[in-house]
Amino acid sequence: MGTTENGIIAGRLTPADYARNFADLHPPLDDHEALVAADRCYFCYDAPCMTACPTSIDIPLFIRQISTGNPIGSANTIFDQNILGGMCARVCPTETLCEQACVRNTAEHRPVEIGRLQRYATDIAMRDNRQFYERAEATGKSIAVVGAGPAGLACAHRLAVKGHDVVLYDAREKAGGLNEYGIATYKSTDDFAQKEVDYVLSIGGIDCRTGQMLGRDFSISDLLEKHDAVFLGLGLSGVNALRAEGETLDGVDDAVDFIAALRQSETKADIPVGRRVVVIGGGMTAIDAAVQAKLLGAEDVTICYRRGKEHMNASEFEQDLAASKGVVIRHWLQPKRILARDGKVAGIELDYTTLQDGRLVTTGETGAIVADQILKAIGQTFEADGLGIIALEGGRISVDEEGRTSMDGVWAGGDCIVGGEDLTVSAVANGRDAAESIHRTLMAAAQPITAVA
């Protein structure tokens, strides 16, 4: 049984409760289920699902390979475009990408289960340690990749396959970035993020150095002196402020830190959570934090979002998931003041909002919610420490269509660039494509100049 004790405490549930609550959200398909799911695909020639996939995986081909009993070949097809296809199968919002575009929706309103089929194939290949790539002949070139998240890992792997030597730097203790620290635990169980990192690094030629931070341990100039090119996959490390009175009170926490702590906990019993929790925000981080607070044993969990349901960045599937776990989502509310008792959070006062001539304004009405923990999930920002003269736009790194920055020899991709979509699959595409551009640039520079008679 859980405890209804007030305050932010750990151990609200039994070990069995934690194990059940944080089990795999979508259990893997077995062989028969995979064949049945694959049989629903029309194998469209001009498949809209491929266009909707940021990494352009040949979805009809990999599903056909499953349907013919060739999951290893299917995994090869997936990894050719997305070396992190296993994690993307787990965390991608397929309901708004490939599965939304599936033609099965037209008549049946139920798409082919592309994400689960992708997981089925990639899990088999990784379980059997099937390696599909060998390093090309050594080029003698060295590339620094800063950030061992999805963009950096994809870039490093593609460069290593091309025969380059890669040094992968990351500020945290573990590689993996968002996949290791930033997603809901129930979306990636059994330490899968690190297993995927190991699988990616097994290509060889990648020296992974953790605990190394740009701007603290080295600069861009330092890297360019040691390496022939640099790729920046820095992600977003800053957190937006509530700008509400009482924000520094004990009990007001960043949702990203809350999620990261959960990801690193083996039992979840050591993660404290309030009895009544309010989450501020409307994106995936807000949903992940709120659902997991409920799974940790919080009695009441409420998401407050300043606009309407249709404006939330979280997908409808994720909003429904939160509701199914007992999370209440309230719209048209923005924080005004954190209420305190004895120096700790006791609740939150909120302004009611509305749209007036396209602008969000307060109505003059206020309300309050009792809470002992407030989780901030109102977006992250890019911290540009150590970038030097690299051009920024809107607070993120400006790049061209190939990921090149304003500084010669430096490329960037993922959430840190202008237009970054905060999706694992988009970051993978950025890293992969930047690697191809780096390879072309370095190899063109290495070609001898032939004299003209």
>> Quick check: residue separation of Ile72 and Glu316 times 0.36 nm, minus the Cα distance between them. What number comes out in nm?
In response: 84.5 nm
> Rounded, prolate or oblate: which fits segment 117-210, taking a ≥ b ≥ c as square roots of the Cα gyration tensor eigenvalues, rounded meaning a/c under 1.5, else prolate when a/b beats b/c?
Replying inline: oblate
> Of all accessible surface on segment 304-453 at a 1.4 Å probe, what whole percent is carbon and sulfur?
Replying inline: 46 percent
> For segment 8-109, which trypsin sites (Lys or Arg not before Pro) are both in a DSSP coil and crowded by at most 16 other Cβ atoms within 10 Å?
Replying inline: Arg40
> Percent antiparallel among DSSP beta bridges with both residues in the chain, to the nearest 5?
Replying inline: 40 percent
>> Could you tell me the calculated FRET efficiency between Asp30 and Ala269, based on Cβ-Cβ distance and R0 = 30 angstrom, to the nearest 0.05?
In response: 0.45
>> So for the chain, averaging the separation of alpha carbon pairs under 8 Å that are six or more residues apart and normalising by length, what relative contact order in percent results?
In response: 18 percent
>> Computed from the coordinates I sent, volume of the Cα convex hull per residue in Å³ equals one of (i) 141; (ii) 183; (iii) 117. Tell me the label.
In response: (ii)
> For segment 269-300 and segment 333-357, what is the separation of their Cα centres, given in Å?
Replying inline: 18 Å
> Got the relative contact order for segment 221-293 handy, in percent, Cα pairs under 8 Å and 6 or more residues apart?
Replying inline: 24 percent
> What pairs from Lys162/Lys187; Lys174/Lys226; Lys268/Lys336; Lys187/Lys336; Lys187/Lys376; Lys187/Lys309 go past 29 Å between their alpha carbons?
Replying inline: Lys162/Lys187; Lys268/Lys336; Lys187/Lys336
> In percent, how large is the relative contact order of segment 40-127, given Cα pairs closer than 8 Å and 6 or more residues apart?
Replying inline: 34 percent
>> Which aspartates and glutamates, if any, have their Cα less than 19 Å from the Cα of Lys141, not counting same-chain residues under 8 positions apart?
In response: Asp165, Asp207, Asp222, Glu225, Asp228, Asp408, Asp433, Glu436
>> Using only the alpha-carbon atoms, how far is helix 284-295 inclined from the longest principal axis of the chain? Give it as 0 to 90 degrees, nearest 10.
In response: 60 degrees
>> Angle check, please: helix 255-264 long axis (alpha carbons) against the longest principal axis of the chain (alpha carbons), in degrees 0 to 90, nearest 10.
In response: 70 degrees
> Which loop-located GluC sites (Glu not before Pro) does segment 118-217 contain, where loop means any DSSP state but H, G, I, E or B and the Cβ has at most 12 other Cβ atoms within 10 Å?
Replying inline: Glu134, Glu137, Glu173
>> Can you tell me how segment 40-127 classifies by the Cα gyration tensor, rounded, prolate or oblate, using a/c under 1.5 as the rounded cut?
In response: prolate
> Where does the longest stretch of the chain lie that holds no chymotrypsin sites (Phe, Trp or Tyr not before Pro) found in a DSSP loop with 14 or fewer other Cβ atoms within 10 Å?
Replying inline: 46-453
> Of the accessible area of segment 40-127, with the probe set at 1.4 angstrom, what percent is carbon plus sulfur?
Replying inline: 51 percent
>> Using only DSSP helix segments of four residues or longer, with each worth -39500 (n - 2.57), what per-residue ellipticity at 222 nm results for the chain after dividing by its residue count and rounding to 500?
In response: -10000 deg cm²/dmol
> Once you charge only the Cβ atoms, +1 for Lys and Arg and -1 for Asp and Glu, what is the size of the charge dipole of segment 189-347 about its Cα centre, to the nearest 20 debye?
Replying inline: 880 debye
>> Over the chain, with the other protein chains present, what is the accessible area per residue in square angstrom, probe 1.4 angstrom?
In response: 46 Å²
>> What do you get for the angle between helix 150-161 and the principal long axis of the chain? Use alpha-carbon atoms, 0 to 90 degrees, nearest ten.
In response: 10 degrees
>> Please list, by residue number, every one of the trypsin sites (Lys or Arg not before Pro) in segment 334-432 that is coil in DSSP and has at most 13 other beta-carbon atoms within 10 Å.
In response: none
>> Compute, for segment 145-246, the length of the dipole vector about the Cα centre, with Cβ point charges of +1 (Lys, Arg) and -1 (Asp, Glu) only. Units Debye, rounded to 20.
In response: 220 debye
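The values are calculated or read from the model by the stated rules, or taken from the named source; none is laboratory data. Remember, it's a predicted structure, so these values are computed and weren't measured experimentally. Heads up, the Cβs are rebuilt from the backbone with ideal geometry, glycines too, and the neighbour counts pull from every protein chain shown. Protein only, heavy atoms only, side chains kept; ligands, DNA and RNA dropped before computing areas. Shrake-Rupley method; radii C 1.70, N 1.55, O 1.52, S 1.80 Å.
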